[in-house]
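S.K.: Structure below; questions to follow.
The values are calculated or read from the model by the stated rules, or taken from the named source; none is laboratory data. Keep in mind the model is a prediction, meaning the values are calculated, not measured. Reconstructed Cβ throughout: ideal geometry from the backbone, glycine too, with neighbour counts over all protein chains shown.
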Amino acid sequence: MSAISVKNIEKSYEKGAVKALKGINLEIEEGELFGLIGPDGAGKTSLFRILSTLILPDSGSASMMGLDVVKDFWEIRKIVGYMPGKFSLYQDLSIEENLNFFATVFNTTVKENYHLIEDIYVQIEPFKKRRAGKLSGGMKQKLALCCALIHEPKILLLDEPTTGVDPVSRKEFWDMLGRLKAKGITVLVSTPYMDEASRCSRIALMQGGNVMEVDSLSNIIGKNSMTFYALRSKDMHRLLKDLREFPGSLSAFAFGDEHHVRLQSENEAEELYAFLLHRAHELLNIRKINPEIEDVFIQLMQEQPA
């Protein structure tokens, strides 16, 4: 039995004018650290709200540990820990008071389940009397995770938990998720950060309400083998325009301080170099690269039907 099963889930807003989810199918096994990777508007939050029993799907079905998200919502809420994208704890309550409140809601105590949160809570315990609204982004994140874990859930749903926090806190948070996975908790986490995909057992690449690929990061990159080159020149703006006009270019886009271009074959690299020299590009540098997850994502996005 899958920990999370999603079959043909669809969801629309504004009387059907906005289709947030377009027939989503996912099977997530027990103990997986599974990532939903995609930009804002991909449909990640809508799927999380359906799985956490906060909204109903228009069609399709979903289950958590064999429990239907529509029929068995009360039972699901007992076995799921949910951390929404926006910090939603009580701003005027302290760290300690928020944690005690959530433990009481689930008819347990912090003492009884302290072992579940100990390695996270010790990092914020020195500030336990501080109001939640006065915490930094990273500390809010750790408190929200403690509150989501305090009733010993079998599944954790974490909707963009690292958005807006500093790189150090992001790394610490993913280290914590790895430890939770080791304890056998199924973790479904969404993120717009492509670099976080490497921390997941498997990922689903989402865009425009669709799932484009589901697999491990290495398998997704491996089976989407592409011929990519990274380029720089003195005039980067004009370089991107010319790359897109080159007949052998399948795609070209800005990538940090370089431009990445996908060619039909390696044979066209010399033709591209000559093409750019003919257009008077100075300080031109071109090198072959292995595609990264961002390259694969953009290519898959371009291949999606309109």
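S.K.: Looking only at the stretch 278-297, which residues are of a type in the set (D, E, K, R), surrounded by 14 or more Cβ atoms within 10 Å (Cβ to Cβ) and in contact (Cβ under 8 Å) with a residue 60 or more places away in the chain?
M.R.: Glu292, Glu294, Asp295
S.K.: Have a look at Leu47, Leu26, Leu21 and point out the one that is crowded, with 22+ Cβ neighbours inside 10 Å, out of contact with any helix residue (DSSP H, G or I) (no Cβ under 6 Å at 6 or more places or on another chain) and not in a loop (DSSP other than H, G, I, E, B).
M.R.: Answer to the check: Leu47.
Here's the yes/no breakdown for (1) free of Cβ contacts under 8 Å to residues at least 60 places away in the same chain; (2) under 21 Å from Met301 (Cα atoms); (3) of a type in the set (Val, Ile, Thr):
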position: Gly178; (1), (2), (3): no, no, no
position: Lys181; (1), (2), (3): no, no, no
position: Thr186; (1), (2), (3): no, no, yes
position: Arg199; (1), (2), (3): no, no, no
position: Ala204; (1), (2), (3): no, yes, no
position: Gln207; (1), (2), (3): no, yes, no
position: Val214; (1), (2), (3): no, yes, yes
position: Leu217; (1), (2), (3): no, yes, no
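S.K.: Evaluate the following for Phe34: is it among the hydrophobic types (A, V, I, L, M, F, W, C), out of contact with any Phe, Trp or Tyr (no Cβ under 8 Å at 6 or more places or on another chain) and buried (at least 16 other Cβ atoms within 10 Å of the Cβ)?
M.R.: So Phe34 passes the test.
Residue by residue, here is whether (1) loosely packed, with under 15 Cβ neighbours inside 10 Å; (2) of a type outside the set (A, V, I, L, M, F, W, C); (3) in the same structural domain as Gly31 (by TED's automatic domain parsing); (4) out of contact with any helix residue (DSSP H, G or I) (no Cβ under 6 Å at 6 or more places or on another chain) holds:
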{"site": "Gly81", "(1), (2), (3), (4)": "no, yes, yes, no"}
{"site": "Glu118", "(1), (2), (3), (4)": "yes, yes, yes, yes"}
{"site": "Val122", "(1), (2), (3), (4)": "yes, no, yes, yes"}
{"site": "Lys128", "(1), (2), (3), (4)": "yes, yes, yes, no"}
{"site": "Arg131", "(1), (2), (3), (4)": "no, yes, yes, yes"}
{"site": "Ala144", "(1), (2), (3), (4)": "no, no, yes, yes"}
{"site": "Ile155", "(1), (2), (3), (4)": "no, no, yes, yes"}
{"site": "Asp159", "(1), (2), (3), (4)": "no, yes, yes, no"}
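S.K.: Could you please give the count of residues in the stretch 229-267 that are farther than 18 Å from Met301 by Cβ and in contact (Cβ under 8 Å) with a residue 40 or more places away in the chain?
M.R.: Residues meeting the conditions: 9.
S.K.: If we only count helices (runs of 4 or more DSSP H) wholly inside the stretch 77-166, which ones have 3 or more residues that are touching a residue at least 60 places away in the same chain (Cβ under 8 Å) and of a type in the set (A, V, I, L, M)?
M.R.: 137-149
S.K.: Separate question: Can you say whether Phe275 is crowded, with 16+ Cβ neighbours inside 10 Å and either in contact with a Cys (Cβ under 7 Å, 6 or more places away or on another chain) or not in a helix (DSSP H, G or I) (or both), as far as the supplied structure shows?
M.R.: no
S.K.: Do any strands (runs of 3 or more DSSP E) entirely within the stretch 194-247 hold 2 or more residues that are small (Gly, Ala, Ser) and under 30 Å from the mean Cα position of the chain (by Cα), and if so, which?
M.R.: none
S.K.: If the requirement is being under 19 Å from Leu158 (Cβ atoms), touching a helix residue (DSSP H, G or I) at 6+ places or on another chain (Cβ under 8 Å) and among the hydrophobic types (A, V, I, L, M, F, W, C), which of these qualifies: Val69, Val110?
M.R.: Only one candidate qualifies: Val69.
S.K.: To continue, here is another question. So Ile76 fits all but one of (1) surrounded by fewer than 17 Cβ atoms within 10 Å (Cβ to Cβ); (2) in contact with a strand residue (DSSP E or B) (Cβ under 7 Å, 6 or more places away or on another chain); what number is the exception?
M.R.: Condition not satisfied by Ile76: (1).
S.K.: Something else now. When the stretch 161-173 is examined, which residues are found to be touching a helix residue (DSSP H, G or I) at 6+ places or on another chain (Cβ under 7 Å) and either crowded, with 20+ Cβ neighbours inside 10 Å or of a type in the set (A, V, I, L, M) (or both)?
M.R.: Correct list: Pro161, Thr162, Val165, Phe173.
S.K.: I'd like to know if the stretch 184-192 contains one or more residues that are among the hydroxyl-bearing types (Ser, Thr, Tyr), out of contact with any Lys or Arg (no Cβ under 9 Å at 6 or more places or on another chain), outside any loop (DSSP other than H, G, I, E, B) and assigned by TED's automatic domain parsing to the domain that holds Ile79.
M.R.: Within the stretch 184-192, not a single residue is among the hydroxyl-bearing types (Ser, Thr, Tyr), out of contact with any Lys or Arg (no Cβ under 9 Å at 6 or more places or on another chain), outside any loop (DSSP other than H, G, I, E, B) and assigned by TED's automatic domain parsing to the domain that holds Ile79.
S.K.: Also, I was wondering about something else. Give Ile9, Ile50 a once-over and let me know the one that is in contact (Cβ under 8 Å) with a residue 24 or more places away in the chain, in contact with a strand residue (DSSP E or B) (Cβ under 8 Å, 6 or more places away or on another chain) and within 12 Å of Val211 (Cα to Cα).
M.R.: Going through Ile9, Ile50 in turn, just one is in contact (Cβ under 8 Å) with a residue 24 or more places away in the chain, in contact with a strand residue (DSSP E or B) (Cβ under 8 Å, 6 or more places away or on another chain) and within 12 Å of Val211 (Cα to Cα): Ile9.
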